[in-house]
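In what follows, a structure is listed as structure tokens, so that the remarks can point back to it.
The values are calculated or read from the model by the stated rules, or taken from the named source; none is laboratory data. For clarity, every value in this text was computed on a predicted model and none was experimentally measured. FYI the Cβ positions are ideal-geometry reconstructions off the backbone, even for glycines, and counts take in every protein chain you see.
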Amino acid sequence: MPTFLIPGPLRSLSAGAAAVAVEAADLRSAIDALDARYPGFKGRLLDEEGEPRQFVNLFLNDEDVRLGRGLDSPLAPGDEIAIVPAVAGG
Amino acid sequence: MAPSRPSPRVLGLRCRECGAEYELRPGHVCEACFGPLDVAYDYAAVGRVVSRERIAAGPPSMWRYRDLLPLDDDAPVVSLGEGMTPLVHAHRLGRELGLRNLYLKNDSMNPTNSFKDRVVSVAVSWARWRGFEVVGCASTGNLANATAAYAAQAGLACYVVLPAGTEEEKLVATSVFEPNLVVVRGTYDDVNRLCAMVADELPWAFCNVNLRPIYAEGSKTLTYETAEQLGWRLPDEIVVPIGAGCQFVRHHRAALELLELGLVEDGSVPRLIGAQALGCAPVYRAFLAGTDRVQPVRPDTIARSIAIGNPSDGTYVVRLARETGGLVEAVDEAEIVDAIRLLARTEGIFTETAGGVTIGVLAKLARAGRWQGDEVVVAYITGHGLKTAEVVADGARRVEIEPSLSAFRQMLAV
């Protein structure tokens, strides 16, 4: 199953879990599945138009999804989706 | 952990987006909205202590501005003499570009030869005082140089993380301080993501990750000093290289603070000009497109110190450039090298590729007729040329002669 890696500031939503596995075929439905299990994630990750929020970076197997197919990215078992706050570095 | 007396001038951290407030502690993102956190000050309290006289009586370093930095009052400073770098009236370059009041703030004169010494001095001082045993950073090179040096002086363990392909000069100038030097097979953006994840797992002080709000404050001193060195006035325009955009945002804040505190004569916030390399210009492209939503890119430029494809403060750079009447401009690789040579030839200052970007943009705007000629324009030269020497190595022209007077005369005759 694809697995979300949860950053520190969001672990209050996942009952402290640093990794959460979900059943999903693409990134959009994976976020739905994450939100179904731990309500609140969707609102934190996506804006009103359903796109990733400005300060949220999503990486599929170390690749920024905005450089690829975004939320339409297909998922395979064993994929890792890292949620990383955008504001760091420089 | 040492008993600490937080500065009575510091209110804590505040989210730039939603205004949520936090105590001054490690952490760089708002838990409510993921927005960036900034240090919040009680300016009435700052105003009661700060004055031009008090600053002038302070040390000949950036720490003369300690009243406007977030270090606890009783904390010793980890300092190598950073700041108070020369502000040079650039007559010859100015003549070439039609600018009578062009100044260069030569921050390559810092202890490890880049402006990063300012931010690292604040971050490492804070980390040591608050009891951290390990400091680290995600770096394109200059920050690693600085972090390793200040960690050495502070006696702290140090991990610096850099992308593969970092200039050898920067690796050597870092490893001499004996940090744990980790090279990641990937770009700076990969390094940044990795460090953000590591910072969640380990009790380390990452200068530009979990200490970022505190670290970033050090950048403000560049603009404070510029105003002081101009006789307590703000320039009309400032040209700043843009990587993540972190310092650009702080320069805007610094100008507002100087005005708010009455340290400068009445005036206004300078028009802020951001300089990018076309090979990594996500902020420039957003500015051109009229949006503040910055689309990440894959960097491909010799200006590696600012090769950040996903700039964390990019959105704010676009907004502040517009708001102040400035802009964001970009130059190509040949223009970067030409600008390094132009600065060297006219002013005797050897800057790295990021400085080539800054001067390249300055020259491009001047030639396009942006200025009348009397504006006070300051360009921030943020790193030394020996850090990226290979880009001008092919111009190391020389003649070789026998050690005789006749050979010397013959050489002159050619």
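Just a few scattered comments:
- In the range B:308-407, counting only helices (runs of 4 or more DSSP H) that sit wholly within it, the ones holding 3 or more residues that are over 25 Å from residue B:289 (Cα atoms) and either within 14 Å of chain A (Cβ to nearest Cβ) or not hydrophobic (A, V, I, L, M, F, W, C) (or both) span B:333-347.
- Among the conditions (1) at pLDDT below 95; (2) more than 14 Å from every other protein chain (Cβ to nearest Cβ), the only one that residue B:57 does not satisfy is (1).
- Scoring residue A:66 on the criteria (1) in a helix (DSSP H, G or I); (2) within 12 Å of another protein chain (Cβ to nearest Cβ); (3) exposed (fewer than 14 other Cβ atoms within 10 Å of the Cβ) leaves a single failure, condition (3).
- Residue within the range B:265-276 that is outside any loop (DSSP other than H, G, I, E, B), within 14 Å of another protein chain (Cβ to nearest Cβ) and farther than 23 Å from residue B:220 by Cα present: no
- Given (1) more than 14 Å from chain A (Cβ to nearest Cβ); (2) out of contact with any Asp or Glu (no Cβ under 7 Å at 6 or more places or on another chain); (3) part of a loop (DSSP other than H, G, I, E, B), index of the condition residue B:44 fails: (3)
- Screening B:400, B:375, B:352 for residues that are in contact (Cβ under 8 Å) with a residue 24 or more places away in the chain, out of contact with any Gly (no Cβ under 7 Å at 6 or more places or on another chain) and either of a type outside the set (Gly, Ala, Ser) or at positive phi (or both) leaves exactly one candidate, B:375.
- Meets criteria (within 10 Å of another protein chain (Cβ to nearest Cβ) and within 28 Å of residue B:210 (Cβ to Cβ)) for residue A:20: no
- Residues that are hydrophobic (A, V, I, L, M, F, W, C), assigned to a loop (DSSP other than H, G, I, E, B) and surrounded by 15 or more Cβ atoms within 10 Å (Cβ to Cβ) within the range A:24-54 comprise just one, A:24.
- Any hit, the range B:17-33, residues being in contact with a Pro (Cβ under 6 Å, 6 or more places away or on another chain), over 22 Å from residue B:251 (Cβ atoms) and aromatic (Phe, Trp, Tyr): no
- Taken over the range A:25-45, the criterion of being of a type in the set (A, V, I, L, M) and within 12 Å of another protein chain (Cβ to nearest Cβ) is satisfied by A:45 alone.
- Among residues of the range B:1-30 being touching a strand residue (DSSP E or B) at 6+ places or on another chain (Cβ under 8 Å), within 14 Å of another protein chain (Cβ to nearest Cβ) and assigned to a loop (DSSP other than H, G, I, E, B), the one that is farthest from residue B:133 (Cα to Cα) is B:17.
Every residue, every condition in (1) facing chain A (nearest Cβ under 9 Å); (2) surrounded by fewer than 24 Cβ atoms within 10 Å (Cβ to Cβ); (3) closer than 13 Å to residue B:118 by Cβ, yes or no:
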{"site": "B:182", "(1), (2), (3)": "no, yes, no"}
{"site": "B:188", "(1), (2), (3)": "yes, no, no"}
{"site": "B:192", "(1), (2), (3)": "yes, no, no"}
{"site": "B:218", "(1), (2), (3)": "no, no, yes"}
{"site": "B:221", "(1), (2), (3)": "no, no, yes"}
{"site": "B:228", "(1), (2), (3)": "no, yes, no"}
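- Qualifying residue in the range A:8-23 (condition: of a type outside the set (Phe, Trp, Tyr), assigned to a loop (DSSP other than H, G, I, E, B), surrounded by 19 or more Cβ atoms within 10 Å (Cβ to Cβ) and modelled with pLDDT of 95 or more): yes
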